[in-house]
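Please read the structure below before turning to the comments.
Just so it is clear, none of the values below were taken in a lab; they were calculated from the coordinates. In this text the structure is predicted, and so the values were computed from the model without any measurement. Please note: Cβ atoms are built from the backbone with ideal geometry, for glycine as well, and neighbour counts cover all protein chains shown.
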Amino acid sequence: MDIISKFTVGSEEGISDLITLVDSSVDTLHKDFVKEENIKRYIQNEIDPRKMINELNDLSNQLIMMYADQKPVGYSIIKSGSLHPGISGGKRATEISFVILSAFDSPETRLSLWKKCRSAVSFTDIIWINMLDHDPLAVFLKESGFIPVTSSKAGPFELPSHILELEINKK
């Protein structure tokens, strides 16, 4: 399998690939906790390509798409300057998302997306993510050095989560 993770712009193709991944990951991560019709309604009514384009056109945001054999299988959105309430002042913080379709979740895909994501955030002091407690990628992030700092709620259905942090540049 040929795996590549690369920066992607908010083009029609990039947004189409992202929406495919978001739809699939929302369904997969929530199907055991939320009624199917609620998930379908959320996907149909709330996943808006224009909103995604606007978000990606913000110069403080970056999209990394991961492809396996030229098929989109994962992504990370990096939001510079994004803080959660527990981060102390004076620290540069960057929020990330980290999503890999379960059918393509492997050590190789995790590492490919993580390396690209990590190289893109070398300027910051802290990387953080609000990760659903049942997300299988949480274990990988913890193995990569992230530590849970507070319990939270995440996603469109406000399911239990933890904010995980990784301190990069210590002051």
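Residues in segment 1-45 that are closer than 25 Å to residue 120 by Cα and outside any helix (DSSP H, G or I): 1, 2, 3, 4, 5, 6, 7, 8, 9, 10, 11. Within segment 145-158, restricting attention to residues that are in a strand (DSSP E or B) and buried (at least 18 other Cβ atoms within 10 Å of the Cβ), the residue that is farthest from the chain's Cα centre (by Cα) is 152. For segment 159-171, what are the residues that are part of a strand (DSSP E or B) and hydrophobic (A, V, I, L, M, F, W, C)? Matches in segment 159-171: 159, 163, 164, 166. Taking residue 11, is it surrounded by 11 or more Cβ atoms within 10 Å (Cβ to Cβ), touching a residue at least 12 places away in the same chain (Cβ under 8 Å), out of contact with any Asp or Glu (no Cβ under 7 Å at 6 or more places or on another chain) and among the small types (Gly, Ala, Ser)? Here the answer is no, as residue 11 does not meet what is asked. Tell me which residues, restricted to segment 122-144, are more than 15 Å from the chain's Cα centre (by Cα) and among the charged types (D, E, K, R). Scanning segment 122-144 gives 125, 143. Considering each residue of segment 87-108 in turn, at least one proves to be of a type in the set (S, T, N, Q) and assigned to a helix (DSSP H, G or I).
Note on segment 46-86: residues that are closer than 22 Å to residue 152 by Cα and in a helix (DSSP H, G or I) total 1. Just the residues that are under 20 Å from residue 93 (Cα atoms) and assigned to a loop (DSSP other than H, G, I, E, B), please, taken from segment 111-144. Those that are under 20 Å from residue 93 (Cα atoms) and assigned to a loop (DSSP other than H, G, I, E, B): 121, 122, 123, 124, 125, 144. For segment 63-83, a residue qualifies if it is in contact with a Phe, Trp or Tyr (Cβ under 6 Å, 6 or more places away or on another chain) and surrounded by fewer than 19 Cβ atoms within 10 Å (Cβ to Cβ), but none of them does. Among residues of segment 67-82 that are under 14 Å from residue 14 (Cβ atoms) and touching a residue at least 12 places away in the same chain (Cβ under 8 Å), those with a beta-carbon under 9 Å from a residue that is among the charged types (D, E, K, R) and assigned to a strand (DSSP E or B) at least six positions away or on a different chain give the pairs 67/6; 77/95.
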